[in-house]
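K.L.:
The structure that follows is given in the form of structure tokens.
Throughout, read-outs are computed from the coordinates displayed, never taken from laboratory work. These numbers come from a predicted model, not from an experiment. Glycine gets a Cβ as well: all are built from the backbone with ideal geometry, and neighbour counts include every protein chain shown.
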Amino acid sequence: MKETISVSPVTRIEGHLGVKIETDNGRVTSAHVVGEMFRGFEQILRGRDPLDAQQVTQRICGVCPVEHGIASVLAQDAAYGITPPTNGRILRNLAQAANFITSHITHFYLLSGLDFVDVAQVTTYTGADPALVALRDWAKSEIANNTVNAGGPFLPQFPAQLIRDPVINLGVLRHYLEAIEIRRDGHKLGALFLGKLPHAAALIPGGVTEKVSAILIVSARALLARLRTFIEQVYLPDVITVAGAFPAYFDLGRGRGDFLSFGVFPENDSGSSPFLPAGVLIDGKLQSLDVRAITEDVRYSWYSSASGRRPTEGETVPAPDKSGAYSWLKAPRYAGRPLEVGPLARLLVAYQDGRNTTVKSAVDGLLKAIGRGPADLNSVLGRHATRALESKLLADRCAEWLDQLVPDQPTSCDFTIPATGSGVGLTEAARGALGHWIEIKDHKIANYQCVVPTTWNCSPRDDRDQPGPMEQSLIGTPVADAKAPIEAARVIRSFDPCLACAVH
Ligand code: NFE
Ligand code: MG
């Protein structure tokens, strides 16, 4: 039997995402992923002072403003011919890493975790552990007061594979509540380095305006210690528990297996040696990144601008009535190929690259803990597991970056904005490869183009009718109940999509 399932909006993600899937005998045969809202940031930036860019682009998203700000100041650093001093580079790394960690914890506990546990089961606990009894009674009263919607979309109508052990579920509920506190610590950590968050005031071309002091370092250490404990004792073990309970999800959500990383967290001032390297994995082979191979198709996007352009010549002309189009996302391609981006892509590129032995042995350790090989990571659970592992790697590295800060040394350098210039800022956001391209004429922004992680992952079909990575990875997913397609939702959420970013 053939069915069409339409979910709009997809909940527990960021932004306006719709997904239409076709099934045949309960398996997905085709998917269309739809960005449902136009934003217009690339138009807003035209004609403005170049220094507005890192402030305006941070407003693309409240989840990853730090990364948009960093992509923008990297593009401006290149356009102005400047290099931040060591303290400035490290403060940027620390703020960006704090945002990754905050974002990853938020995604697992507050957005996607409820795909795997049936929270209503916590009320059936009959044991005597006083902490669990207290939590159970709290949950019961919340449900009775309707603060937790017991009939909500994640509860009884889901097919049976949810974890229903009340002890495990009470543990997850406790961690859900802890995650709310811990993500606040991660957010505070980022704000320490950038003045405030979201939408940092302190990110500027040439570095960061925040100064390095002993009190800053000590305050950061205290917050970081709490994050590291949570990641090691709670987040990673919970992801491994979910992996053990849902082995089928190492086979579901499999993409083409082609990945892109722009590289991130420079370890030297020239930026030539990032902690997580740049690279392109195609057919299992690692290639060096060629930024000129990036183009954006718009055949199925609501834009009238020319298709297949590089971002340096990119245009964003909305055409909401365009025939045949179905998404506000463009379709970024690398040498014509759709590529998946994100923590999975970053760690697989680093694993193949092999120069960062800390990352390589951490991935091997994770594979041992879950009893899997590298190929299994190309899956729903592989995306969750690499997100958790990346959180640990970055929290550990932050401790070392804090040691490298030198109080009272400069955190930024002077610059002048040329009348004419251009630059590209390539970095990674929590969700994957992020690029900003700036062109300056007459001291003003003549063109500004962003190619964003979720634009890659949730892209519509391209000019050659190739589906985007999420569209591809949904194919083959079993859907037991067309009215509650939880299996497809797990595939979708494993990408941690942010449509606010993707359309921009
Ligand atoms: Ni709106 Fe973002 C990240 C960026 S995603 S969250 O991470 O850039 O496409
Ligand atoms: Mg764009």
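K.L.:
Taking Rh as the Kirkwood radius computed over C-alpha pairs, what is the Stokes-Einstein D of the stretch 463-504 at 25 °C in a medium of viscosity 0.890 mPa s, expressed in µm² per second?
P.N.:
The Stokes-Einstein estimate is 208 µm²/s.
K.L.:
Within the chain, which whole H helices from DSSP have a Cα span along their axis of at least 24 Å and a mean Kyte-Doolittle hydropathy of -0.5 or more, if any?
P.N.:
The qualifying helices are 86-105, 166-194, 214-230, 380-404.
K.L.:
Can you give me the P(r) profile for the stretch 354-482? Cα pairs, bins 10 angstrom wide beginning at 0, each as a whole percent.
P.N.:
For the stretch 354-482, the binned pair fractions read 9, 22, 29, 24, 13, 3, 0 percent.
K.L.:
Quick one: 3J(HN,Hα) in Hz for the stretch 285-292, Karplus 6.51/-1.76/1.60 with θ = phi - 60°, rounded, Gly and Pro as x.
P.N.:
Result, rounded to whole Hz: 10, 7, 10, 6, 6, 10, 4, 6.
K.L.:
Each label point is 7 Å from the Cα along the Cα-to-Cβ direction; what then is the distance between the points at VAL406 and VAL167, in nm?
P.N.:
Modelled inter-label distance: 5.5 nm.
K.L.:
Related question: For the chain, what is the mean residue ellipticity at 222 nm derived from helices alone (per DSSP H run of n ≥ 4: -39500 (n - 2.57); sum divided by total residues; nearest 500 deg cm²/dmol)?
P.N.:
Dividing the helical sum by the residues of the chain leaves -12000 deg cm²/dmol.
K.L.:
Return the subset of LYS20/LYS483; LYS330/LYS483; LYS188/LYS211; LYS2/LYS483; LYS188/LYS360 for which the Cα-Cα distance in this structure is over 19 Å, preserving the input order.
P.N.:
In this structure, LYS330/LYS483; LYS188/LYS360 exceed 19 Å between Cα atoms.
K.L.:
Another question about this same structure. Counting other C-beta atoms within 10 Å, which of ASP165, ASP376 has the fewest, and how do the rest follow?
P.N.:
ASP165, ASP376
K.L.:
Given labels modelled 7 Å from the Cα in the Cβ direction, how far is it in nm from ALA293 to ALA134?
P.N.:
For ALA293 paired with ALA134, the spin-label model returns 5.6 nm.
K.L.:
Still on this structure, I have one more. Before anything else, pin down the relative contact order of the stretch 1-140: Cα pairs under 8 Å, at least 6 apart, normalised by residue count, whole percent. Show your work: numbers first, answer last.
P.N.:
Values: 119 pairs, mean separation 17.6, N = 140.
RCO, the stretch 1-140: 13 percent.
K.L.:
At a threshold of 8 angstrom on Cα-Cα distance, excluding pairs fewer than six apart, so keeping six or more, what relative contact order does the stretch 261-396 reach in percent?
P.N.:
Across the stretch 261-396, relative contact order equals 20 percent.
K.L.:
What's the exposure ranking of PHE41, PHE230, PHE193, going from fewest to most Cβ atoms within 10 Å? Before the final figure, lay out the partial values.
P.N.:
Numbers: PHE41 19, PHE230 23, PHE193 27.
The order, fewest Cβ neighbours first, is PHE41, PHE230, PHE193.
K.L.:
Could you grab the relative contact order for the chain? Cα pairs under 8 Å, six or more apart, rounded to a whole percent.
P.N.:
Normalised by residue count, the contact order of the chain is 26 percent.
K.L.:
In Å, the Kirkwood hydrodynamic radius of the stretch 49-118 over pairs of distinct alpha carbons?
P.N.:
Its Kirkwood hydrodynamic radius stands at 13.7 Å.
K.L.:
Rounded to the nearest 0.05, what FRET efficiency is calculated for ILE44 and SER273 with R0 set to 35 Å and r the Cβ-Cβ distance? Walk me through the numbers before you get to the answer.
P.N.:
Working: r = 35 Å, r/R0 = 1.00.
In this case the efficiency is close to 0.50.
K.L.:
Continuing with the same structure: For HIS32, HIS104, which order do you get if you count the other beta carbons within 10 Å of each Cβ and list the fewest first?
P.N.:
With the fewest neighbours first, HIS32, HIS104 line up as HIS32, HIS104.
K.L.:
Which far-off residues, 5 or more places away or on another chain, put their amide H under 5 Å from the one on ARG27, with H placed in the peptide plane?
P.N.:
Long-range HN contacts for ARG27: VAL479.
K.L.:
A further question on this structure: Using only the Cα atoms, work out Rg/Rh for the chain, with Rh taken as the Kirkwood radius, to two decimals.
P.N.:
Details: Rg = 22.3 Å, Rh = 23.2 Å.
With Rh from the inverse mean 1/r over Cα pairs, Rg/Rh is 0.96.
K.L.:
Checking the a/c ratio against 1.5 first, then a/b against b/c, what shape does the Cα gyration tensor give for the stretch 293-384? Please list the in-between numbers first.
P.N.:
Working: a/c = 4.38, a/b = 2.46, b/c = 1.78.
Prolate, since a/c reaches 1.5 and a/b exceeds b/c.
K.L.:
In addition: What's the ranking of 280-286, 85-91, 318-324 by average number of surrounding C-beta atoms within 10 Å, highest first?
P.N.:
Taking the mean over residues of other Cβ atoms within 10 Å, the ranking is 85-91, 280-286, 318-324.
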